[in-house]
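A short write-up of the structure that comes next.
The values are calculated or read from the model by the stated rules, or taken from the named source; none is laboratory data. None of the values given here were measured: they were computed from a predicted structure. Note that we place each Cβ from the backbone using ideal geometry, even for glycine, and neighbour counts take in every protein chain shown.
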Amino acid sequence: MQMINEAIKKIVVENYHGDEDSLQNTISLIKIAGYSQMDTLKALICELDLPIGEADSIILNSKAWAEEKDDNLRFRHELGESLEE
């Protein structure tokens, strides 16, 4: 997997302390800094050594990305249907 940039790495290292609150805060800070869900996914995988499915679920259900959850689920459903055709 592609390495994450140093700015995102710094956000994770300085703000994640091993608990749910700091994880949610870290995800929010990554988003506030202008990074995408994909950037956040890479950060959780690379810096926290999370499996892709777990990292994806955390982001999908995070407070920071809550407004996009319905759109993401709809996109995934439509993508899945188109791949089955």
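Looking only at residues that are more than 14 Å from the chain's Cα centre (by Cα) and closer than 24 Å to E68 by Cα in the stretch 6-19, which one is surrounded by the most Cβ atoms within 10 Å (Cβ to Cβ)? Let's see the steps before the verdict.
Filtering the stretch 6-19 down to residues more than 14 Å from the chain's Cα centre (by Cα) leaves 6-7, 10, 13-15, 17-19.
If we keep only those that are closer than 24 Å to E68 by Cα too, we end up with 7, 15, 19.
Values: A7: 12, N15: 15, D19: 9.
The extreme case among them is N15.
Scan the stretch 64-85 residue by residue and report those that are closer than 23 Å to N25 by Cβ and surrounded by 11 or more Cβ atoms within 10 Å (Cβ to Cβ).
Result: A64, W65, E68, K69, N72.
Suppose we keep only residues that are of a type outside the set (G, A, S) and under 8 Å from the mean Cα position of the chain (by Cα) within the stretch 31-50. Which one would you say is surrounded by the most Cβ atoms within 10 Å (Cβ to Cβ)?
Only one residue fits best here, namely T40.
Tell me, which residue of the stretch 13-50 that is assigned to a helix (DSSP H, G or I) and of a type in the set (G, A, S) is nearest to M3 (Cα to Cα)?
Checked the stretch 13-50; the qualifying residue nearest to M3 (Cα to Cα) is A43.
Let me spell it out: the conditions are (1) buried (at least 18 other Cβ atoms within 10 Å of the Cβ); (2) within 19 Å of I4 (Cα to Cα), and G53 meets all of them except one. Which number is the exception?
Among (1) buried (at least 18 other Cβ atoms within 10 Å of the Cβ); (2) within 19 Å of I4 (Cα to Cα), G53 violates only (1).
Do we have E68 as in contact (Cβ under 8 Å) with a residue 40 or more places away in the chain, out of contact with any Asp or Glu (no Cβ under 9 Å at 6 or more places or on another chain), of a type outside the set (S, T, Y) and not in a loop (DSSP other than H, G, I, E, B) here?
When the stated conditions are applied, E68 does not pass them.
Which of the residues that make up the stretch 51-65 are within 17 Å of D21 (Cα to Cα) and not in a helix (DSSP H, G or I)?
N61, S62, K63, A64, W65
Could you please find all residues in the stretch 46-85 being at pLDDT 90 or above, farther than 17 Å from Y35 by Cβ and charged (D, E, K, R)?
D49, E54
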